[in-house]
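The values are calculated or read from the model by the stated rules, or taken from the named source; none is laboratory data. Keep in mind it's a predicted model, so treat the numbers as computed, not measured. Please note: Cβ atoms are built from the backbone with ideal geometry, for glycine as well, and neighbour counts cover all protein chains shown. What goes into the accessible areas is simple: the full protein's heavy atoms, side chains included, and nothing from ligands, DNA or RNA. Shrake-Rupley method; radii C 1.70, N 1.55, O 1.52, S 1.80 Å.
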Amino acid sequence: MKATNIQIGKTYELAFGEKRTSPVKVTDFDPRNGSWIVETYSGKSIPVKDAKRFLKEVRTKPETPKTEVEPTTGRREYNPAQAQKMSGLNAAFKVLAEEARPMNVKEITELAQERGYCDLPGATPSATISAAIQRDIKAKGEASRFVKTGKGQFIAR
């Protein structure tokens, strides 16, 4: 960069060695030794004599005024319309507990979705529920909330 293009108060990309660069702000010019005084991002002031070290001007974003934000209690107001749906596994358990009878996965899935307990958008929600229940039984064994009563049939423990 040419020495005539460097202006006090502007920010430039400054070369430190061959590969390292850093943004610096030009704060002053010292005519006694012909160097620019720059401030690094850490607040340190250093003199720079060679104008070729200034690679390019860095455009900074204008500061936007901060708006006042009302203090909150940190808690959200409960809104049933925004309440999260439960997982497919929890919905299956709730349906089985309410029905209190062995059911196949297709019935469990249909009732869970009809009652609004969960929303399974995939092409095969029954397979998703079945895999989750079987994975739960395999992982937890006797501690599982589900018992397999037959092929594709489950009941709540």
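For this structure, a couple of remarks:
- The number of residues in region 108-123 being open to solvent by 60 Å² or more (accessible area, probe 1.4 Å) and out of contact with any Ser or Thr (no Cβ under 9 Å at 6 or more places or on another chain) comes to 6.
- Restricting region 6-46 to residues that are touching a residue at least 40 places away in the same chain (Cβ under 8 Å) and not β-branched (Val, Ile, Thr), the residue that is nearest to residue 57 (Cα to Cα): 12
- When region 94-105 is limited to residues that are open to solvent by 40 Å² or more (accessible area, probe 1.4 Å) and in contact (Cβ under 8 Å) with a residue 40 or more places away in the chain, the one that is farthest from residue 157 (Cα to Cα) turns out to be 104.
- When residues in region 144-154 are screened for being open to solvent by 80 Å² or more (accessible area, probe 1.4 Å) and either among the small types (Gly, Ala, Ser) or part of a loop (DSSP other than H, G, I, E, B) (or both), 1 of them pass.
- In the set (1) touching a Phe, Trp or Tyr at 6+ places or on another chain (Cβ under 6 Å); (2) loosely packed, with under 11 Cβ neighbours inside 10 Å, residue 91 fails one condition alone, (2).
- If only residues of region 124-140 that are among the polar types (S, T, N, Q) and touching a strand residue (DSSP E or B) at 6+ places or on another chain (Cβ under 9 Å) are counted, the one that is surrounded by the fewest Cβ atoms within 10 Å (Cβ to Cβ) is 134.
- Evaluation of residue 24 against (1) open to solvent by less than 30 Å² (accessible area, probe 1.4 Å); (2) outside any strand (DSSP E or B) (one fails), failing number: (2)
- Of the set (1) touching a Ser or Thr at 6+ places or on another chain (Cβ under 9 Å); (2) in contact (Cβ under 8 Å) with a residue 24 or more places away in the chain, all apply to residue 145 but (1).
- Residue identified as touching a residue at least 24 places away in the same chain (Cβ under 8 Å) and assigned to a helix (DSSP H, G or I) among 129, 137: 129
- Every residue from region 1-11 that is over 32 Å from the mean Cα position of the chain (by Cα) and part of a strand (DSSP E or B): none
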